[in-house]
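Only one structure is covered here, and it is reproduced in the block below.
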Amino acid sequence: MEAPIDGDLRDTLVEGKFGSFHVQAGTFIRAWEGTDGLNPMDIATMKNLRDPLNIEPLSSPGITLAGGEGFFTCEALYVPKQTPSRLPGTTSPFWPRTNNLPLEKDSVQLLMPDQPAYEFLSRETLTKAMDHNYGLRLQLHGQKWDFSVAGFEGAAQVPLLEPVISGDLVETDPKTVIQMNNPIQIRAIDYRRRTVSGLLVYTFDSWILRLASRHDQPMGVNDDLNDWSSGQTQKQLLPTWSDQSIVGLEHSTTIGDQTVILVAQYAYGVTPQSSGLLSVQDLFANAFLYGARWPLNDLTTVNFFGFYESTHHSTYNRLLLQRKISDPSLIEFSIDLLRGSTDSLLGILKDQSQAKLAYLFQF
């Protein structure tokens, strides 16, 4: 089915204060601050993936408690029923349309049919992934440094996307190659995971050093899914554990009377292995990230972000121009450029390079 019209309440809540602590109840977004672009500390928010080039956080209904004294602060959250992540619709151009369907498994290759069509099967939920999600962040603050550690247990931010194999066997050696038939069926599987993350920030002169890392551990197995080739029930293993680490430098300089921020980062990770489609996380297994923010004046800002992943030598670059019209509204113009070989995720999506003009109104 195609993506429906989306709505999100964002931060809609009531708040009470008790000494140095305050409690909030309602819908909220807790994207804990970390590194720019790719942020290993962002472990507690679900994602709107309708446009994978502009991923946005989704609000969750629940309760938060935050506070502290002096150099120590903490924050806890509880979500009784998690918000599901949102995926591109069946006609979205961000589903692969040429060559092959990218998989985590190197031993299987799925060739695309002419004019491929997609069909979503009923979404699965394992190990009560959407129920009783909770997280905690602890922070220590120094004169020139900050240290944070966080943990979260609940639904994975991006579900496992498992294709159901329906097609003709082409060859079996050295790998299994299957010519897929239409429609290409995809099953989204929400599963539970435990995540821990840490962040160290150190400031010296006009420079900021940021070190961040996270570890994800899926929880449990599933006994109810069908084998993708035989249709028989099997014990489907979840994705394996994964790690993501980033080291970055941020430098502030002055051009005219405006402060320009420059960012350079290196990302390294251990990507999960699964029976599903290739994860976006694979792009940051060995990647260099870079960016800049330049306010031209009080109303206009230029932002640039990009990365180069060295495994397949693919690149992504984004230029964003923002012009403030009034306090609640602004105009955005963006250009997204993707480039890579046909065996890389960005190469498969390179035809989705785009330019976009948007009017945003916030209230």
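The values are calculated or read from the model by the stated rules, or taken from the named source; none is laboratory data. All values derive from a computational prediction rather than experimental measurement. Cβ coordinates were reconstructed from backbone atoms using ideal geometry, including for glycine residues, and neighbour counts include every protein chain displayed.
Structure values in brief
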| item | result |
| --- | --- |
| Residues of region 136-165 that turn out to be assigned to a loop (DSSP other than H, G, I, E, B) and either buried (at least 16 other Cβ atoms within 10 Å of the Cβ) or among the β-branched types (V, I, T) (or both), as a count | 5 |
| Region 53-83, residues that are surrounded by fewer than 17 Cβ atoms within 10 Å (Cβ to Cβ), of a type outside the set (A, V, I, L, M) and over 26 Å from Q143 (Cβ atoms) | N54, E56, P61, Y78, P80, K81 |
| Any chance Q244 is surrounded by 14 or more Cβ atoms within 10 Å (Cβ to Cβ), modelled with pLDDT of 90 or more, under 25 Å from the mean Cα position of the chain (by Cα) and part of a loop (DSSP other than H, G, I, E, B) | no |
| Criterion: over 18 Å from the mean Cα position of the chain (by Cα) and either small (G, A, S) or within 28 Å of H215 (Cβ to Cβ) (or both) - qualifying residue of L111, L121, L169, L140 | L140 |
| Residue check, V196 part of a loop (DSSP other than H, G, I, E, B), at pLDDT 90 or above, within 21 Å of S274 (Cβ to Cβ) and hydrophobic (A, V, I, L, M, F, W, C) | no |
| Any hit, region 171-183, residues being within 20 Å of E124 (Cα to Cα) and modelled with pLDDT under 95 | yes |
| Cβ pairs under 7 Å, 6+ apart, first in region 171-196 and over 22 Å from P239 (Cα atoms) and surrounded by 15 or more Cβ atoms within 10 Å (Cβ to Cβ), second modelled with pLDDT of 90 or more and aromatic (F, W, Y) | P183/Y118 |
| Condition check for P61: without any contact (Cβ under 8 Å) to a residue 40 or more places away in the chain, outside any loop (DSSP other than H, G, I, E, B) and touching a strand residue (DSSP E or B) at 6+ places or on another chain (Cβ under 9 Å) | yes |
| Residue count, region 147-170 (criterion: at pLDDT 95 or above and touching a Leu at 6+ places or on another chain (Cβ under 7 Å)) | 5 |
| Of all residues making up region 267-282, the number that are touching a helix residue (DSSP H, G or I) at 6+ places or on another chain (Cβ under 6 Å) and not hydroxyl-bearing (S, T, Y) | 3 |
| Qualifying residue in region 271-279 (condition: out of contact with any Cys (no Cβ under 7 Å at 6 or more places or on another chain), surrounded by fewer than 16 Cβ atoms within 10 Å (Cβ to Cβ) and either free of Cβ contacts under 8 Å to residues at least 40 places away in the same chain or assigned to a strand (DSSP E or B) (or both)) | no |
| Positions within region 326-352 being at pLDDT below 90 and surrounded by fewer than 15 Cβ atoms within 10 Å (Cβ to Cβ), in sequence order | S326, D327, P328, S341, T342, D343, D351 |
| Count of residues meeting criterion [surrounded by 13 or more Cβ atoms within 10 Å (Cβ to Cβ), assigned to a strand (DSSP E or B) and either more than 21 Å from the chain's Cα centre (by Cα) or free of Cβ contacts under 8 Å to residues at least 40 places away in the same chain (or both)] in region 353-363 | 1 |
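Residue-by-condition table, conditions (1) of a type in the set (V, I, T); (2) assigned to a strand (DSSP E or B):
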{"position": "R10", "(1), (2)": "no, no"}
{"position": "G26", "(1), (2)": "no, yes"}
{"position": "I43", "(1), (2)": "yes, no"}
{"position": "R50", "(1), (2)": "no, no"}
